[in-house]
Amino acid sequence: MSTINEQLQQIVNDNKVVLFMKGTRMFPQCGFSARAVEIFKRCGVPFKDVNVLADPQIRQGVKDFSNWPTIPQAYVDGKFVGGSDILLEMFENGELQKLLGVESDEDVATPPKVTITDAAKAQFDAAMKDVGDDVLRLEASPSFDYDLFFGPKQDGDLAIQVAGLTLHIPKRCAARLEGVTLDFVDGPDGAGFKIDNPNEPPKVQNIMPKALKKLMDAGEEVHLLDVRTPEERALSKLEGDRVLDAEGLAFVERLPRDAKLVIYCHHGVRSRTAAEQLLQRGFTQVFNLVGGIDAWSATVDGDVPRY
(Lines give C-alpha, C1' and ligand atoms only; values in the text may rest on other atoms or scores of the structure.)
Protein backbone atom coordinates (compact mmCIF):
# COMPACT_ATOMS: atom_id res chain seq x y z
CA MET A 1 0.00 0.00 0.00
CA SER A 2 1.40 3.39 -0.95
CA THR A 3 2.08 6.14 1.58
CA ILE A 4 -0.78 8.31 0.30
CA ASN A 5 -3.20 5.38 0.50
CA GLU A 6 -2.12 4.73 4.08
CA GLN A 7 -2.70 8.40 4.89
CA LEU A 8 -6.18 8.37 3.35
CA GLN A 9 -7.06 5.09 5.04
CA GLN A 10 -6.04 6.55 8.40
CA ILE A 11 -8.25 9.62 7.88
CA VAL A 12 -11.21 7.43 6.94
CA ASN A 13 -10.65 5.08 9.89
CA ASP A 14 -10.29 7.88 12.46
CA ASN A 15 -13.49 9.76 11.56
CA LYS A 16 -17.07 8.52 11.31
CA VAL A 17 -17.87 11.00 8.52
CA VAL A 18 -15.25 12.36 6.11
CA LEU A 19 -15.75 14.77 3.23
CA PHE A 20 -12.91 15.17 0.73
CA MET A 21 -13.74 18.48 -0.91
CA LYS A 22 -12.45 21.54 -2.73
CA GLY A 23 -11.91 24.14 -0.04
CA THR A 24 -13.09 23.85 3.56
CA ARG A 25 -16.46 23.67 5.24
CA MET A 26 -16.12 27.38 6.03
CA PHE A 27 -15.09 28.31 2.50
CA PRO A 28 -16.00 25.72 -0.15
CA GLN A 29 -14.36 26.40 -3.49
CA CYS A 30 -16.87 24.73 -5.80
CA GLY A 31 -20.64 24.51 -5.86
CA PHE A 32 -20.71 20.71 -5.50
CA SER A 33 -18.54 20.83 -2.39
CA ALA A 34 -20.74 23.58 -0.94
CA ARG A 35 -23.81 21.42 -1.53
CA ALA A 36 -22.23 18.43 0.23
CA VAL A 37 -21.29 20.59 3.22
CA GLU A 38 -24.84 21.91 3.45
CA ILE A 39 -26.30 18.40 3.36
CA PHE A 40 -24.17 17.21 6.27
CA LYS A 41 -24.99 20.40 8.19
CA ARG A 42 -28.70 19.77 7.65
CA CYS A 43 -28.22 16.25 9.02
CA GLY A 44 -26.66 17.81 12.11
CA VAL A 45 -23.63 15.55 12.24
CA PRO A 46 -19.97 16.44 12.81
CA PHE A 47 -17.69 15.59 9.91
CA LYS A 48 -14.03 15.80 8.97
CA ASP A 49 -13.41 18.06 5.96
CA VAL A 50 -10.26 17.51 3.91
CA ASN A 51 -9.28 20.19 1.41
CA VAL A 52 -7.90 18.34 -1.61
CA LEU A 53 -6.69 21.63 -3.12
CA ALA A 54 -4.14 21.96 -0.34
CA ASP A 55 -2.26 18.83 -1.40
CA PRO A 56 -2.00 17.66 -5.04
CA GLN A 57 -1.14 14.14 -3.85
CA ILE A 58 -4.39 13.90 -1.92
CA ARG A 59 -6.35 15.45 -4.78
CA GLN A 60 -5.30 12.66 -7.14
CA GLY A 61 -4.81 10.02 -4.48
CA VAL A 62 -8.37 10.13 -3.20
CA LYS A 63 -9.66 9.47 -6.72
CA ASP A 64 -7.49 6.37 -6.98
CA PHE A 65 -8.34 5.34 -3.41
CA SER A 66 -12.10 5.31 -4.10
CA ASN A 67 -11.94 4.61 -7.83
CA TRP A 68 -14.22 7.63 -8.21
CA PRO A 69 -13.23 10.40 -10.67
CA THR A 70 -14.72 13.53 -9.13
CA ILE A 71 -14.63 15.67 -5.97
CA PRO A 72 -16.28 15.91 -3.44
CA GLN A 73 -16.25 12.40 -2.00
CA ALA A 74 -17.95 11.30 1.22
CA TYR A 75 -17.14 8.39 3.54
CA VAL A 76 -19.27 7.13 6.43
CA ASP A 77 -18.02 4.51 8.89
CA GLY A 78 -15.03 3.83 6.68
CA LYS A 79 -17.08 3.15 3.55
CA PHE A 80 -17.26 5.27 0.41
CA VAL A 81 -20.75 6.76 -0.05
CA GLY A 82 -20.44 8.91 -3.18
CA GLY A 83 -20.30 12.44 -4.48
CA SER A 84 -22.58 15.45 -4.25
CA ASP A 85 -25.39 14.13 -6.45
CA ILE A 86 -25.55 10.81 -4.61
CA LEU A 87 -25.55 12.56 -1.23
CA LEU A 88 -28.43 14.77 -2.34
CA GLU A 89 -30.46 11.80 -3.59
CA MET A 90 -29.81 9.86 -0.38
CA PHE A 91 -30.72 12.90 1.72
CA GLU A 92 -33.95 13.43 -0.19
CA ASN A 93 -35.13 9.83 0.26
CA GLY A 94 -33.93 9.54 3.87
CA GLU A 95 -31.22 6.94 3.25
CA LEU A 96 -28.41 9.23 4.34
CA GLN A 97 -30.11 10.06 7.63
CA LYS A 98 -30.57 6.33 8.36
CA LEU A 99 -26.91 5.69 7.55
CA LEU A 100 -25.87 8.48 9.92
CA GLY A 101 -28.33 7.46 12.62
CA VAL A 102 -30.26 10.75 12.68
CA GLU A 103 -33.88 11.67 12.12
CA SER A 104 -34.92 12.56 8.59
CA ASP A 105 -37.31 15.37 7.72
CA GLU A 106 -39.96 12.73 7.10
CA ASP A 107 -39.59 11.30 10.62
CA VAL A 108 -40.51 14.63 12.21
CA ALA A 109 -42.71 16.11 9.47
CA THR A 110 -45.72 18.17 10.48
CA PRO A 111 -48.03 19.96 8.04
CA PRO A 112 -46.60 23.42 7.32
CA LYS A 113 -48.66 26.58 7.44
CA VAL A 114 -49.17 27.81 3.87
CA THR A 115 -50.92 30.93 2.58
CA ILE A 116 -52.55 31.10 -0.86
CA THR A 117 -53.58 34.57 -2.00
CA ASP A 118 -56.87 35.27 -3.79
CA ALA A 119 -54.99 35.87 -7.05
CA ALA A 120 -53.25 32.49 -6.85
CA LYS A 121 -56.46 30.71 -5.83
CA ALA A 122 -58.27 32.06 -8.88
CA GLN A 123 -55.56 30.60 -11.14
CA PHE A 124 -55.66 27.23 -9.39
CA ASP A 125 -59.48 27.09 -9.54
CA ALA A 126 -59.43 27.73 -13.27
CA ALA A 127 -56.74 25.13 -13.91
CA MET A 128 -58.49 22.42 -11.87
CA LYS A 129 -61.22 22.12 -14.47
CA ASP A 130 -58.82 20.30 -16.80
CA VAL A 131 -56.56 18.23 -14.51
CA GLY A 132 -58.73 15.16 -13.95
CA ASP A 133 -57.60 13.13 -10.92
CA ASP A 134 -54.32 15.01 -10.48
CA VAL A 135 -53.76 17.05 -7.33
CA LEU A 136 -52.06 20.39 -6.68
CA ARG A 137 -48.48 19.72 -5.53
CA LEU A 138 -45.76 21.94 -4.06
CA GLU A 139 -42.18 20.71 -3.57
CA ALA A 140 -38.93 22.38 -2.55
CA SER A 141 -35.44 20.92 -2.88
CA PRO A 142 -32.70 21.42 -0.23
CA SER A 143 -31.39 24.27 -2.40
CA PHE A 144 -34.91 25.79 -2.50
CA ASP A 145 -35.72 25.08 -6.12
CA TYR A 146 -39.50 24.84 -6.38
CA ASP A 147 -41.99 22.71 -8.27
CA LEU A 148 -45.62 23.84 -8.28
CA PHE A 149 -47.74 21.63 -10.50
CA PHE A 150 -50.69 19.27 -10.88
CA GLY A 151 -49.69 15.62 -10.59
CA PRO A 152 -50.67 12.24 -9.11
CA LYS A 153 -51.06 11.68 -5.38
CA GLN A 154 -48.05 10.03 -3.75
CA ASP A 155 -47.80 7.81 -0.70
CA GLY A 156 -46.78 9.77 2.36
CA ASP A 157 -47.99 13.16 1.09
CA LEU A 158 -49.16 15.74 3.58
CA ALA A 159 -52.56 16.96 2.33
CA ILE A 160 -53.12 20.53 3.53
CA GLN A 161 -56.43 22.37 3.35
CA VAL A 162 -55.89 26.03 2.54
CA ALA A 163 -58.13 28.65 0.89
CA GLY A 164 -60.65 25.96 -0.04
CA LEU A 165 -57.98 23.97 -1.87
CA THR A 166 -56.10 20.76 -1.07
CA LEU A 167 -52.35 21.18 -1.42
CA HIS A 168 -50.13 18.08 -1.42
CA ILE A 169 -46.61 18.40 0.00
CA PRO A 170 -44.05 15.57 0.34
CA LYS A 171 -43.00 15.04 3.96
CA ARG A 172 -39.36 15.65 3.05
CA CYS A 173 -40.28 19.22 2.03
CA ALA A 174 -42.50 20.10 5.00
CA ALA A 175 -39.96 21.96 7.15
CA ARG A 176 -38.64 23.93 4.16
CA LEU A 177 -42.16 25.14 3.29
CA GLU A 178 -43.27 26.31 6.74
CA GLY A 179 -44.81 29.79 6.42
CA VAL A 180 -44.64 29.93 2.60
CA THR A 181 -46.99 32.19 0.61
CA LEU A 182 -48.19 31.38 -2.91
CA ASP A 183 -49.18 34.40 -4.98
CA PHE A 184 -49.86 35.20 -8.64
CA VAL A 185 -48.50 38.42 -10.08
CA ASP A 186 -48.90 40.17 -13.41
CA GLY A 187 -46.16 42.71 -14.02
CA PRO A 188 -43.98 44.21 -16.75
CA ASP A 189 -41.90 41.02 -16.94
CA GLY A 190 -44.95 38.83 -17.45
CA ALA A 191 -47.44 36.92 -15.34
CA GLY A 192 -46.68 33.95 -13.11
CA PHE A 193 -46.72 32.42 -9.66
CA LYS A 194 -44.57 33.94 -6.94
CA ILE A 195 -43.35 31.91 -3.96
CA ASP A 196 -42.34 33.84 -0.85
CA ASN A 197 -40.53 31.57 1.59
CA PRO A 198 -39.14 32.94 4.89
CA ASN A 199 -36.90 29.88 5.23
CA GLU A 200 -35.05 30.48 1.98
CA PRO A 201 -31.46 31.63 2.53
CA PRO A 202 -30.10 34.69 0.71
CA LYS A 203 -29.09 34.13 -2.90
CA VAL A 204 -26.47 35.73 -5.09
CA GLN A 205 -27.99 38.70 -6.89
CA ASN A 206 -27.08 39.70 -10.41
CA ILE A 207 -26.13 43.30 -11.02
CA MET A 208 -25.59 44.87 -14.42
CA PRO A 209 -22.61 47.21 -14.95
CA LYS A 210 -24.79 50.30 -15.42
CA ALA A 211 -26.76 49.51 -12.25
CA LEU A 212 -23.50 49.16 -10.31
CA LYS A 213 -22.27 52.48 -11.69
CA LYS A 214 -25.51 54.12 -10.56
CA LEU A 215 -25.06 52.77 -7.02
CA MET A 216 -21.50 54.01 -6.87
CA ASP A 217 -22.40 57.45 -8.25
CA ALA A 218 -25.12 57.72 -5.57
CA GLY A 219 -22.50 57.25 -2.87
CA GLU A 220 -23.52 53.75 -1.84
CA GLU A 221 -20.82 51.88 0.06
CA VAL A 222 -19.98 49.01 -2.28
CA HIS A 223 -17.02 46.67 -1.90
CA LEU A 224 -15.64 45.56 -5.27
CA LEU A 225 -13.87 42.20 -5.08
CA ASP A 226 -11.79 40.80 -7.95
CA VAL A 227 -11.26 37.02 -8.25
CA ARG A 228 -9.09 37.09 -11.39
CA THR A 229 -5.44 36.12 -11.68
CA PRO A 230 -2.56 38.59 -11.15
CA GLU A 231 -1.84 38.37 -14.88
CA GLU A 232 -5.38 39.52 -15.70
CA ARG A 233 -5.23 42.36 -13.18
CA ALA A 234 -2.07 43.58 -14.86
CA LEU A 235 -4.13 44.07 -18.02
CA SER A 236 -7.09 45.93 -16.46
CA LYS A 237 -8.95 46.40 -13.20
CA LEU A 238 -11.70 48.49 -11.65
CA GLU A 239 -10.78 51.52 -9.59
CA GLY A 240 -11.20 51.05 -5.85
CA ASP A 241 -11.44 47.27 -5.98
CA ARG A 242 -9.73 44.69 -3.78
CA VAL A 243 -8.34 41.27 -4.67
CA LEU A 244 -10.22 38.41 -3.03
CA ASP A 245 -7.10 36.56 -1.92
CA ALA A 246 -6.23 35.56 1.65
CA GLU A 247 -5.62 39.19 2.63
CA GLY A 248 -8.78 40.33 0.88
CA LEU A 249 -10.83 37.61 2.55
CA ALA A 250 -9.52 38.67 5.95
CA PHE A 251 -10.69 42.21 5.17
CA VAL A 252 -14.12 41.00 4.07
CA GLU A 253 -14.53 38.93 7.24
CA ARG A 254 -14.26 42.13 9.30
CA LEU A 255 -17.19 43.73 7.45
CA PRO A 256 -20.80 43.63 8.67
CA ARG A 257 -22.67 40.65 7.27
CA ASP A 258 -25.08 43.00 5.43
CA ALA A 259 -22.28 44.85 3.60
CA LYS A 260 -22.78 45.15 -0.16
CA LEU A 261 -20.23 42.90 -1.86
CA VAL A 262 -19.86 42.95 -5.64
CA ILE A 263 -17.72 40.17 -7.06
CA TYR A 264 -16.28 40.37 -10.56
CA CYS A 265 -14.04 38.45 -12.93
CA HIS A 266 -13.52 38.56 -16.71
CA HIS A 267 -16.99 37.48 -17.86
CA GLY A 268 -18.93 36.77 -14.66
CA VAL A 269 -18.52 33.00 -14.31
CA ARG A 270 -15.74 32.58 -11.73
CA SER A 271 -17.18 35.46 -9.75
CA ARG A 272 -20.53 33.69 -9.29
CA THR A 273 -18.79 30.72 -7.68
CA ALA A 274 -16.91 33.04 -5.32
CA ALA A 275 -20.13 34.91 -4.53
CA GLU A 276 -21.85 31.65 -3.56
CA GLN A 277 -18.99 30.95 -1.16
CA LEU A 278 -19.41 34.35 0.50
CA LEU A 279 -23.08 33.56 1.05
CA GLN A 280 -21.94 30.41 2.85
CA ARG A 281 -19.97 32.66 5.20
CA GLY A 282 -23.13 34.52 6.23
CA PHE A 283 -23.07 37.60 3.98
CA THR A 284 -26.57 38.57 2.82
CA GLN A 285 -26.01 41.19 0.10
CA VAL A 286 -23.72 39.52 -2.40
CA PHE A 287 -23.81 40.59 -6.05
CA ASN A 288 -22.27 39.08 -9.17
CA LEU A 289 -21.28 41.58 -11.86
CA VAL A 290 -23.00 40.25 -14.98
CA GLY A 291 -20.54 40.08 -17.87
CA GLY A 292 -17.62 40.92 -15.61
CA ILE A 293 -15.05 43.60 -16.32
CA ASP A 294 -15.50 42.98 -20.05
CA ALA A 295 -19.13 44.17 -19.86
CA TRP A 296 -18.10 47.11 -17.66
CA SER A 297 -15.65 48.24 -20.32
CA ALA A 298 -18.19 47.76 -23.11
CA THR A 299 -21.11 49.54 -21.44
CA VAL A 300 -19.78 51.88 -18.73
CA ASP A 301 -16.15 52.87 -19.12
CA GLY A 302 -14.36 52.34 -22.42
CA ASP A 303 -11.08 53.47 -20.87
CA VAL A 304 -10.87 50.15 -19.03
CA PRO A 305 -8.89 47.89 -21.40
CA ARG A 306 -10.59 44.80 -22.80
CA TYR A 307 -8.67 41.57 -23.29
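Cα gyration tensor of the range 1-51, axes a ≥ b ≥ c as square roots of the eigenvalues: rounded (a/c below 1.5), prolate (a/b > b/c) or oblate? Because a/c hits 1.5 or more and a/b fails to exceed b/c, the range 1-51 counts as oblate. Based only on Cα atoms, what Rg/Rh ratio does the range 132-201 have, Rh being taken as Kirkwood's radius? Result for the range 132-201 is an Rg/Rh of 0.97.
To put it simply, the accessible area of the range 225-301 at a 1.4 Å probe is 53 percent carbon and sulfur. Note on T70/I195: beta-carbon distance plugged into 1/(1 + (r/R0)^6) with R0 of 41 Å gives a FRET efficiency of 0.80.
Extents of the range 222-307, largest first, come to 34, 22, 20 Å (Cα atoms, principal axes, whole angstrom). Charging the Cβ of each Asp and Glu at -1 and of each Lys and Arg at +1, and nothing else, the dipole of the range 1-50 about its Cα centre rounds to 260 debye. When shorter helices are ignored and each DSSP H run of at least 4 residues is given -39500 (n - 2.57), the per-residue value for the chain at 222 nm works out to -9500 deg cm²/dmol.
Charged side chains reduced to their Cβ positions (Lys and Arg at +1, Asp and Glu at -1) give the chain a dipole of some 580 debye around its Cα centre.
The Kirkwood radius of the range 27-103, taken over pairs of alpha-carbon atoms, gives through the Stokes-Einstein law at 37 °C and 0.692 mPa s a diffusion coefficient of 254 µm² s⁻¹. In the range 152-279, inverting the average of 1/r over every pair of distinct C-alpha atoms gives 18.5 Å as the Kirkwood radius. Taking the square roots of five times each eigenvalue of the Cα gyration tensor of the chain, the equivalent ellipsoid has semi-axes of 37, 33, 15 Å, listed largest first. One Cα centroid belongs to the range 165-196, the other to the range 34-84; the line between them spans 34 Å. When only the Cβ of Lys, Arg, Asp and Glu is charged (+1, +1, -1, -1), the dipole of the range 191-259 relative to its Cα centre reaches about 240 debye. For R233 and D258, the FRET efficiency from 1/(1 + (r/R0)^6), where r spans their Cβ atoms and R0 equals 22 Å, is about 0.20.
Pairs exceeding 22 Å between alpha-carbon atoms, taken from K213/K260; K79/K203; K121/K194; K41/K98; K22/K98: K79/K203; K22/K98. Report relative contact order for the chain in percent, whole number only (criteria: Cα-Cα under 8 Å, sequence separation at least 6). Here the relative contact order equals 14 percent.
Projected onto the charge dipole of the chain (+1 at Lys/Arg Cβ, -1 at Asp/Glu Cβ, origin at the Cα centre), which of A120, G187, N288 gives the Cα projection farthest towards the positive end? Of the options given, the answer is N288.
Figure legend: label point modelled 7 angstrom from the Cα of N5 along Cα→Cβ; residues of the range 53-68 with amide N under 18 Å from it are 57-68. Pairwise alpha-carbon distances in the range 92-165 exceed 13 Å for 75% of all pairs.
Take every DSSP beta bridge whose two residues both sit in the chain; close to 55 percent of them are antiparallel.
Under the rule a/c < 1.5 gives rounded, and otherwise a/b versus b/c splits prolate from oblate, where does the range 167-237 land using the Cα gyration tensor? Judged from the Cα gyration tensor, the range 167-237 comes out prolate (a/c at least 1.5, a/b above b/c).
The values are calculated or read from the model by the stated rules, or taken from the named source; none is laboratory data. From a predicted model like this one, the values you see are computed outputs, not experimental measurements. Note: ideal-geometry Cβ built from the backbone for every residue, glycine included; neighbour counts use all protein chains shown. Accessible surface areas use protein heavy atoms only, side chains included; no ligands, DNA or RNA. Shrake-Rupley method; radii C 1.70, N 1.55, O 1.52, S 1.80 Å.
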